[in-house]
1. Answer yes or no as to whether Arg206 is farther than 29 Å from Ile271 by Cβ and open to solvent by 20 Å² or more (accessible area, probe 1.4 Å).
2. Would you please list the contacts, defined by Cβ atoms under 7 Å and residues six or more apart or on different chains, that run from a residue in segment 38-53 that is closer than 19 Å to Glu16 by Cβ and among the acidic types (Asp, Glu) to a residue that is open to solvent by 40 Å² or more (accessible area, probe 1.4 Å) and in a strand (DSSP E or B)?
3. Would you pick out the residues in segment 148-185 that are hydroxyl-bearing (Ser, Thr, Tyr) and within 25 Å of the chain's Cα centre (by Cα)?
4. List the helices (runs of 4 or more DSSP H) inside segment 1-54, counting only whole elements, that have at least 1 residues being modelled with pLDDT of 90 or more, open to solvent by less than 30 Å² (accessible area, probe 1.4 Å) and closer than 18 Å to Lys69 by Cβ.
5. Got at least one residue in segment 271-283 being touching a residue at least 12 places away in the same chain (Cβ under 8 Å), outside any helix (DSSP H, G or I) and not aromatic (Phe, Trp, Tyr)?
6. Filter segment 228-245 for residues that are in contact with a Pro (Cβ under 8 Å, 6 or more places away or on another chain) and open to solvent by 10 Å² or more (accessible area, probe 1.4 Å); which is farthest from Gly105 (Cα to Cα)?
7. Within segment 105-130, which residues are touching a residue at least 60 places away in the same chain (Cβ under 8 Å), part of a loop (DSSP other than H, G, I, E, B) and touching a Pro at 6+ places or on another chain (Cβ under 8 Å)?
8. Scan segment 131-146 residue by residue and report those that are at negative phi and part of a loop (DSSP other than H, G, I, E, B).
Amino acid sequence: MAIELRHFRCFLAIAEEGNVTRAANRLHLTQPAVSRTLRQLEQRLGVRLVDRSTHHLRLTEDGLAFRDKAATVVAAAEDALDAGRLRSWPLRLGHAWSAAGSFTGTLLRRWERANPDTPLELLRIDGRTAGLTTGQVDVALLRGTVDAPGLVVEPLLTEARVAAMPADSPLAERGELTLADFTDQTVAVNTVSGVTTVHLWPPQSRPARTVTVANTDDWLAAIAANRGVGITTSATADLHRYPGVVYRPVADAPEIPVVLAWRRMPGHPAIPTLVTLFRDVVADTEADRKPDKFS
């Protein structure tokens, strides 16, 4: 049978609500209609998407894999039907925090000069893939290990780790820190999109306490309020100056990879151009930072 956009919307509502009745209310449909639509989708795919054996519906492994694809389909349809985008096709670049660090301004300016007919939209979306797997963006700047399925990952550079702490912390009096300096500290951890967890430390020297936050703004506020200290990358120090918070390098912490990622399917035609431009910006900036060997 023919699968329509309503099938994708129905499945996403069930996946998000975890209940057919609530999904039906959300879609303004009857419960039998929602169940029938889900059954049609499963018959078309030939797999079970939802485990109905418990009171609270759960997605099967196939359902979890299909959820991201369904979200991409719906997001693409909504984007195609946006009248404001008919005359241009913006390239949506997602990031969860700190964008491209110190390269951000140069990247945006050079893109605008070289590609005036293709706007580059920088979108902050809190999440592990910054909206990429849900179809909210075309390409994303991501940090750390990227293990979401169905993505193409292009390494760009690495960033040094730095510590963030209240300006009146005893740690702030030192020019450089090590991971061992945090053993008796409370560490603020961004559990939604951050790259630092307690597993950064050996088991015998992990911080005694953590405080969890959901985004960079809350992370900085928690540190400024002396609720804890944090570890991030140099990009945060470059872009997020915050009253009462100072940054110090962490000498023995491993660097963090920065990558561009996009979905492994036909996408925005300007993605290869963005990859090339980003590499050029990084190379040019690093060349400017090197001392002239003849001076």
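The values are calculated or read from the model by the stated rules, or taken from the named source; none is laboratory data. These figures come from a predicted structure and were not determined experimentally. We place every Cβ from the backbone using ideal geometry, glycine too, and count neighbours over all the protein chains shown. The protein model used for the area step is the full one, side chains on, heavy atoms only, and it has no ligands, DNA or RNA in it. Shrake-Rupley method; radii C 1.70, N 1.55, O 1.52, S 1.80 Å.
1. Working: farther than 29 Å from Ile271 by Cβ: yes; open to solvent by 20 Å² or more (accessible area, probe 1.4 Å): yes.
Against the criterion (farther than 29 Å from Ile271 by Cβ and open to solvent by 20 Å² or more (accessible area, probe 1.4 Å)), Arg206 qualifies.
2. Cβ pairs passing all conditions: Asp51/Arg58.
3. Start the filter on segment 148-185 by keeping residues that are hydroxyl-bearing (Ser, Thr, Tyr), which leaves 158, 169, 178, 183.
Hit for segment 148-185 is Thr158, nothing else.
4. Details: elements: 5-17, 20-27, 31-45.
Once the helices (runs of 4 or more DSSP H) in segment 1-54 are filtered for at least 1 residues that are modelled with pLDDT of 90 or more, open to solvent by less than 30 Å² (accessible area, probe 1.4 Å) and closer than 18 Å to Lys69 by Cβ, what remains is 5-17, 31-45.
5. No, because not a single residue in segment 271-283 is touching a residue at least 12 places away in the same chain (Cβ under 8 Å), outside any helix (DSSP H, G or I) and not aromatic (Phe, Trp, Tyr).
6. Step one: list which residues in segment 228-245 are in contact with a Pro (Cβ under 8 Å, 6 or more places away or on another chain), which gives 229, 244-245.
This time we only want the ones that are open to solvent by 10 Å² or more (accessible area, probe 1.4 Å), so: 244-245.
Values: Gly244: 25, Val245: 23 Å.
Ranking the qualifying residues of segment 228-245, first place goes to Gly244.
7. Start the filter on segment 105-130 by keeping residues that are touching a residue at least 60 places away in the same chain (Cβ under 8 Å), which leaves 106-107, 110-111, 114-115, 118, 120, 126-130.
Next, from what is left, pick out any that are part of a loop (DSSP other than H, G, I, E, B): 115, 118, 126-130.
Across segment 105-130, the qualifying residue is only Thr118.
8. Pass one, segment 131-146, residues at negative phi: 132-134, 136-143, 145-146.
The answer is Leu132, Thr133, Thr134, Gln136, Val137, Asp138, Thr145, Val146.
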